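Q: Before we start, here is the structure in question, set down as structure tokens.
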Amino acid sequence: MAKQLIIVESPAKVKTIRKFLGSNYTVAASVGHVRDLPSSSLGVDEENGFAPQYEIIDKKKAVVNDLRQQAAKADVVYLAPDPDREGEAIAWHVAELIRDRAREIKRIQFNEITERAVREAIAHPRELNTDLFDAQQARRILDRLVGYKISPLLWKTIKRGISAGRVQSVALRLIVDREEAREAFRPEEYWPFTAILEADEPPQFRTELVRINGKKAVIRSAEEAAAFEESIRGKPFVTASVEKKERSRAPAPPFITSTLQQAANQRHGYPAKRIMQIAQRLYEGVELGEKGLTALITYMRTDSTRIAKEAQNAAREFIQEAFGEAYLPPKPRQYKKREAAQDAHEAIRPVDVNLRPEMVREYLQADQYNVYRLIWERFVASQMASARFNDTIALIDSGPGQWRAKGEQLLFPGFLAAMSKQEEDSILPPLAKGQELKLVKLHREQKFTQPPPRYTEASLVKELEELGIGRPSTYAAIISTLQDREYARLEEKKLAPTDLGRVVCKQLVEHFSRLMDVGFTAQMEQGLDRVADGNENWVNLLGEFAADFNPTLAAAAANMRSVKGGVQSGLACPDCGKPLLIKFGKSGDFLACSGYPDCRYTSNFERDSNGNVQAVEREEQALEKVGACPQCGKDLVIRKTRTGGRFIACTGYPDCHYAASIPTGVTCPACGQGQLVEKSSKKGKLFFSCDRYPDCDFASWDRPVPGECPQCGSPYLIEKKTRQGLQVKCPKRGCGYVRDGEEDA
């Protein structure tokens, strides 16, 4: 029988697909992209139709050689990367590299990694989609033109090594604009009133003041609050009206990429990048005991809420059996396609709806279980009947004030029965018009209007999606790039721009106003969609972009002002009185005296709620002393980096530059020569590595603890924070030694 080769993207898929295909099939992985534009040059011939100069990625040369050899042995090669533009591009590049070896090349795609889906794809192959590839190619070239040409201007004027991105820079502008709006915001005082009332029957219930003398209740000061309270003193609370109505609530559609990222961020606090990594694993397959490697969800990069008919039927059968006939809507639910959706794939759903989250929990890591449960519940709920509620709204008069109370009683749970987060009733007692009520407690509170909130990762994804910026496959990369470039950081799970991010944004807005315009970026996305649909030529799209971009670039090169020396902070140096500047160093932003080198004052800083810079004074007295400097004899102390890491430094700085990592007292288990020391990543995450790096590259996220394991003899132990508290464990797999770590701490 003919030998057939299937080429997928991920090695994890290889294992899953091999499980249900026979010996006549060989499955290999490209391990992502195999070709790209060169890293050392522009790689785009702008004078000749923007022709790209692709190169095999250095790390993929061995992979490509292996694919070529396997293609030569096969009668048919099936290209099966992911079913999107990036996947089509990978398939196209692989085809170009094996074309001289392969007898026949076909493109297949599947939305789920199951035997049925893969065999059906093999039975119905297609040709490579040139339009999809052209759309990806145009996006890659657009991003290269922007990044490769603007980044050197930022190196020259701000800081070497930073970058600009066509989409990431617009996302940065959203974050910076929101921060400036917060700083410009001036809070206004207001005084809300609530009253706890009691009727003839329990329960007591809460009401809110909504009107005063028929107008919206607005109380702006303590004096006004006191005057209003006096105006109702001794006045009865009388029910003016009671309105009851039944209300139904339909379920939300199944997840698409953006809504999954939002829900997992809001429910579990997972960053967008981590969510996509978890979903990728669930899509490619997880070991489920006797079932073996099993794919749990469909493809996770999608903007469509469409559901395959067989999946809908399976869901309806499951719902009828698990919940009953009443929980099924009369016909399968269809969700309206969003205007900008590409609708290339189904929504994100479980591959097998009968695999309840509890059935696979023991095989999944905690974060995998949480994400699978979200996807399973949302999908099942999306095909269920609406929930029904009995709403009661009562208006109550007292003097010049009118108060409102709202009750909600669940009559029928419908889709809520599939959700792990249940809702509680808030029931009002029986009320009748004209009924006098007893005041139990009157409460007033001083409050202030709040500035617009910073973006969370979830709300930024939602904003990008609503504005038409980026695509499902790019949201996570946009957010992680902004943090990796140190243009933004998470503060209490909210995205705040760094001063470096502010300066980069300001330079780009000033000199590339069209590129930084939200509407223009959305138009470019629409243009790329037209290319993917075969309705626009990719070269023409790039030509229109370059006609505006190149003159703008030339003007920026001539006019962009350098801020490498620092930007004004508005503060004076406490040592010499000269202006303090905000500078951008390797470890982040800091304050430095403009009188350097005569004055060497530096300091960390923070901004207040109005955006004003405040120096964070150095507290030498509070620093922990750890010995004497081996070079000059002065005290050694533990200092903190700007990202939150720690290191040992000499108090004689700047005359003495001695510094060292903090030792753990544990010999490196890899080389046996070095010692494990405390380090921190660029984002400030603590890890531990050998002090002989780069000769020894051992590293661990777990804090090493000196001491031998009493069970297996491991030369060291590790600390782990668990739900049970701090524990000390053996690092050797299979040992199982553990003890309470609180006493050690």
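Q: Placing +1 on the Cβ of each Lys and Arg and -1 on the Cβ of each Asp and Glu in the chain, which of 109, 555, 227 has its Cα farthest towards the positive end of the resulting dipole?
A: 109
Q: Still on this structure, I have one more. Filter the cross-link list 216/493; 61/159; 421/462; 149/493; 61/679 down to pairs whose alpha-carbon distance in this structure exceeds 31 Å.
A: Values: 216/493 35 Å; 61/159 34 Å; 421/462 22 Å; 149/493 33 Å; 61/679 34 Å.
Flagged as over cut-off: 216/493; 61/159; 149/493; 61/679.
Q: Using the Cα centre of region 479-573 as origin and beta-carbon charges of +1 (Lys, Arg) and -1 (Asp, Glu), tell me which of 572, 481, 508 is placed farthest towards the positive end of the dipole.
A: Comparing the listed Cα positions along the dipole, 572 ranks first.
Q: When a/c is below 1.5 the answer is rounded, else prolate if a/b is larger than b/c, else oblate, so apply that to region 70-140 with a ≥ b ≥ c taken from the square roots of the Cα gyration tensor eigenvalues. Working shown, then result.
A: On the way: a/c = 2.25, a/b = 1.10, b/c = 2.04.
Verdict is oblate for region 70-140.
Q: If I take every Cα pair under 8 Å that is 6 or more residues apart in the chain, average their sequence separation and divide by the length, what percent do I get for the relative contact order?
A: Worked out over the chain, it gives 12 percent.
Q: So, one more: For region 159-304, give the percent of accessible area contributed by carbon and sulfur heavy atoms, probe 1.4 Å, rounded to a whole number.
A: Looking at region 159-304 in its full context, I get 46 percent from C and S.
Q: Same structure, new question: How large is the accessible surface per residue of the chain, computed with a 1.4 Å probe and reported in Å² as a whole number?
A: Values: 37800 Å² over 745 residues.
The answer is 51 Å² per residue.
Q: Kindly identify region 257-368 as rounded, prolate or oblate by the Cα gyration tensor criterion: order the square roots of the eigenvalues as a ≥ b ≥ c, call it rounded if a/c is under 1.5, otherwise compare a/b with b/c, prolate if a/b is larger, else oblate.
A: In terms of gyration-tensor shape, oblate.
Q: Moving to a separate point now. Divide by every residue of the chain the summed helix terms, -39500 (n - 2.57) for each DSSP H run of at least 4, and state the resulting mean residue ellipticity at 222 nm, rounded to the nearest 500 deg cm²/dmol.
A: Working: 17 runs with 231 residues, N = 745.
When only DSSP H runs of four or more count, the value is -10000 deg cm²/dmol.
Q: Quick check on region 419-574: take the gyration tensor over C-alpha atoms, sort the square-rooted eigenvalues as a ≥ b ≥ c, and tell me if it's rounded (a/c under 1.5), prolate or oblate. Mind dumping the intermediate values first?
A: On the way: a/c = 3.06, a/b = 1.64, b/c = 1.86.
Cα axes put region 419-574 in the oblate bin.
Q: Just subtract the alpha-carbon distance of residue 247 and residue 288 from 0.36 nm times their residue separation and send over the number in nm, one decimal.
A: Stretched out fully, the residue 247 to residue 288 stretch lengthens by 10.6 nm.
Q: Using the structure shown, list the pairs from 13/720; 564/634; 19/73 with a Cα-Cα distance above 25 Å, or answer none.
A: Among 13/720; 564/634; 19/73, the Cα-Cα distance tops 25 Å for 13/720; 564/634.
Q: Okay, moving on. Tell me the trypsin sites (Lys or Arg not before Pro) within region 518-609 that lie in a loop according to DSSP and have at most 10 other beta-carbon atoms within 10 Å.
A: 561, 586
Q: Shifting gears a bit: Roll a 1.4 angstrom probe over the protein heavy atoms and tell me the percent of accessible area of region 654-742 that is carbon or sulfur.
A: 45 percent
Q: Right, next: Working from the pairwise distances between different alpha carbons, so that the mean of 1/r is found and then inverted, what is the chain's Kirkwood radius in Å?
A: About 31.1 Å for the chain.
Q: Please report the carbon-and-sulfur percent of the accessible area for region 494-628; probe 1.4 Å, protein heavy atoms only, DNA, RNA and ligands left out. Could you put the intermediate results ahead of the total?
A: Working: 3180 of 7010 Å².
Carbon and sulfur together cover 45 percent of it.
Q: So, one more: In the chain, with Lys and Arg counted as +1 and Asp and Glu as -1 at Cβ, which of these residues, 637, 374, 450, has the Cα nearest the positive end of the dipole, that is, farthest along it?
A: It is 637.
Q: Further question on the same structure: Based on alpha-carbon centroids, what's the gap between region 703-736 and region 124-192 in Å, whole number please?
A: Between the Cα centres of region 703-736 and region 124-192 lies a distance of 44 Å.
The values are calculated or read from the model by the stated rules, or taken from the named source; none is laboratory data. Just so you know, these numbers come straight off a predicted model, no measurement behind them. Virtual Cβ from ideal backbone geometry, glycine too; neighbours counted across all protein chains shown. Accessible surface areas use protein heavy atoms only, side chains included; no ligands, DNA or RNA. Shrake-Rupley method; radii C 1.70, N 1.55, O 1.52, S 1.80 Å.
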